[in-house]
Each structure stands twice: as C-alpha cells, then as structure tokens.
Amino acid sequence: MQKELRNSTLLNEEQRTVKWFLWLFYIIYFGYDIFYHYFLPDTPWGNISNLPNHGLDYWMYIIMLGLLPVSYYLMKNQNPWLIKYIYFITFTSTNILNDIWVYWGSEATYSNGNVIEIVIVLFSPIFVNKKFFYLVSVGTSLKFIIVGLVLLDPVVLFPLLIVLVLSIIGFILLHKFLSYVTAVETSYDRQLEGIVKGIIATLELKDPYTRGHSERVAEYAMILAKETGEIKKSELKSFYYACLLHDIGKVNIPDSILTNPGSLTKEEFEVIKTHPVVGARAVQEVDGIAENIDVIYSHHERWDGKGYPDGLKGKETSLLPRVAAIADAFDAMTSSRSYRKALPLDEAYRQILDGKSTQFDPQLVDIFKKSYPSLATYHKSYHDRVNGLEEDAKTK
C-alpha cells in the first residue's frame, strides 16, 4: 500500500492562499505601473520630466506573466508551496536589474519600486511560514541595499527604512498567527491522542494480554526512529499515532482466535494475517495518521521477504514500518501472552540480534543494539509505573 505523502487539508489551504497571493500580485503590480507611467504624469503631482524611463518594465511584464504556466503546473502537481518562492525571487531579482538599468548614470533621484513590494512584505505572514517571511524581509532589504551601493544614492535609505518597519509589523503578525496555529494544533493533537488511546483501550478489552502493548510499541519505535537520524521531527507525531494503532485491525479477529492459548491452525493464522490490511483500511481517511498508514499495513513484513501481507523484501518496505517491526517484536517477546510468559529482556535482546538480515533490517538492528539501554530503561519505568498503580488500587 502506498504511503499518503501529503496532508490534503494543508494542501488545500496552501492552494487557496497562493491563489489570493497571485490575484493580489498581478492586480497591484500592473495596476500600480499603469497608474505610475500613464496617469500620474497627467496629474498635478506628476512631472514627466522627473519620472524615469520605463527601463526593463516590458521585459519584466513578460517574465512575470511567463510564471503563470509554471504556477499552473505546480498547482496541478500539488506543489503550490514553491510558487511564492519562485515569484518573490524572480520579481526581486528583475527589480534590482531594472532599478540599476533605469538610474545608472541618471541624474534623477531614486524613486522607483512598486507598491507590490509592500504588499508582499505585509502579506507574507499569511503563509504562516517563517522561512518565506525571512526570505521576503531580508531579500527586499538586500534589494535596496544593493541598489543603493551601486547607485551611491542615500535616498534608497528611505524605502529601506519602510521595509524594515513593515517587516517588524509582519513579524508581529506572523508570531500571532503561529501562536494561534500552535494552540489549535495542540488542542487537535490532544483530542486525537485521546481518541486513539480510547480505541486502543477497546481493543485491549478483547485481549487483556495485550494491555499496554500498543503504547509500549509506540514508545520503543519513537526511541529507534529518533536514533536513525533519518526521520524528520514533523513526521514523528504521525508515526507515533500510527504505532499506537498498528494492531487496530485485530478488532475484526474473533476472540476465540485472538485469545487462543494453544497453537493456531493454518486457517486461524490466515485470519490473524488479515489484521494489517483491515487496520490500514480503517484509518486511511484519518488526517494525522494516514500519512504513515504503511506502518499499520506493513509492520509484519520481514527483511527476507517471508512476512505478510505482501511478502515485501528488504527496502521494498519503507523505513518506518521496519522500525515498528522491531519495536513490535521486542515488546511481544517481553510481554506475557495467553500462550507463554514474557521473556527476560536479555533473551529478547539476543533474539532481535539473531534476526538481523533475516527478520529485521540489519542497519536497524545495529541501531536497536545502540539504543537498547534506553529501551530497557523505558521498559522498567513503564512496568514500575503500572505495578505502582495496581498496588495503589489494591490499597483503596
């Protein structure tokens, strides 16, 4: 099953914001230039002799209009976040060349620019993206610094000062937006985590022997995932929820099979093997989890290709399910089940190492070996906490 690569909600919001950005950009950019070059000279405030020539304006118009097909292509390919960077870098670069072209060797006082620069600086916080805001603020400031140094005209300091003031205002707006987004995100995460843990509690009612299994697997997997250094911080939260739900498909398995204390028949094991597929289908539309749906679908695949449901071999299974597979196996071995008692930690540790290059990814086994002290510490703290709660319950 293919991993969901994009959060559709965020994608739609980015697309809507980019469309507003493009409408504002073209309306203000061309509207200002038309007024500046064709209407202002005929007003009492416009002196045609003091206005610079059009410079590279027509070439700039062609270049900026030429970005429309690029924007359309990026929208169609679900990469709208690149559009704002392309527009700003292109516009600012051509603007620097145009200003130098117009005023180089001219006696006219520098007064060029387009009000769209102000709009971009003030509008940039709407994207709620620190990188873009800093690029706009620093890039626009650098534009005036470069032009000022080339033309040796101190008048450039005035628009530079305006940009700095607007950047401060924009920074305040961005900070407020980010604070609001963080608050909403935190609230959503708490609700989602509560729902997920509620679902897991329901699953554990079917099989008391698996109580705490999902939580422990998620914590073990997070320790291993962070140690790989290959997983972005932004991906870890979704990965954690997917690990909590890795066995959710077992709700579809009859209790007689799930709690069977003896050996399973071939037919019963085939039923057990359906739980990754069922679980993946159950969460495929859930934002915040669907991005790592392959953790649920593929956590029983093996490095040697003898796993299920698809018999994937090696790196045909993506990284996160391979991480979850080790965490799942380690907790399964160190937990009591209906058909056997928990293995000692050292024995489970040796069995994971013995599974290197057969059941498990050899590189991840090396990471497991390195992370084992942290895994053992969590294992002990978890069981100490649970035992403490049980003791407290008995005394009440």
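Structure values in brief
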item	result
Boolean, Leu11 is in a helix (DSSP H, G or I), at pLDDT 90 or above and aliphatic (A, V, I, L, M)	no
Tally of residues being part of a helix (DSSP H, G or I) and either surrounded by fewer than 19 Cβ atoms within 10 Å (Cβ to Cβ) or not assigned by TED's automatic domain parsing to the domain that holds Ile89 (or both) across the stretch 140-169	19
Test: residue in the stretch 301-323 that is buried (at least 21 other Cβ atoms within 10 Å of the Cβ), among the hydroxyl-bearing types (Ser, Thr, Tyr) and without any contact (Cβ under 8 Å) to a residue 40 or more places away in the chain	yes
Helices (runs of 4 or more DSSP H) fully within the stretch 248-316 counting 2 or more residues that are in contact with a helix residue (DSSP H, G or I) (Cβ under 9 Å, 6 or more places away or on another chain) and within 30 Å of Asp189 (Cα to Cα)	275-283, 293-298
Any hit, the stretch 72-91, residues being under 24 Å from Val121 (Cβ atoms), among the charged types (D, E, K, R), buried (at least 17 other Cβ atoms within 10 Å of the Cβ) and at pLDDT below 90	no
Residue under evaluation Ala324, criteria (1) out of contact with any helix residue (DSSP H, G or I) (no Cβ under 9 Å at 6 or more places or on another chain); (2) of a type in the set (Gly, Ala, Ser); (3) modelled with pLDDT of 95 or more, criterion not met	(1)
Candidate set from the stretch 259-283 (those that are among the hydrophobic types (A, V, I, L, M, F, W, C) and surrounded by fewer than 20 Cβ atoms within 10 Å (Cβ to Cβ)); member that is farthest from the chain's Cα centre (by Cα)	Leu264
Qualifying residue in the stretch 178-194 (condition: part of a helix (DSSP H, G or I), over 23 Å from Phe127 (Cβ atoms) and in contact with a Ser or Thr (Cβ under 8 Å, 6 or more places away or on another chain))	no
Qualifying position, being modelled with pLDDT under 90 and more than 26 Å from Ile145 (Cβ to Cβ), among Asn114, Asn47	Asn47
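The values are calculated or read from the model by the stated rules, or taken from the named source; none is laboratory data. Keep in mind that what you see is a predicted model, and the values were worked out from it rather than measured. Cβ sites come from the backbone with ideal geometry, for glycine too, and all protein chains shown count toward neighbours.
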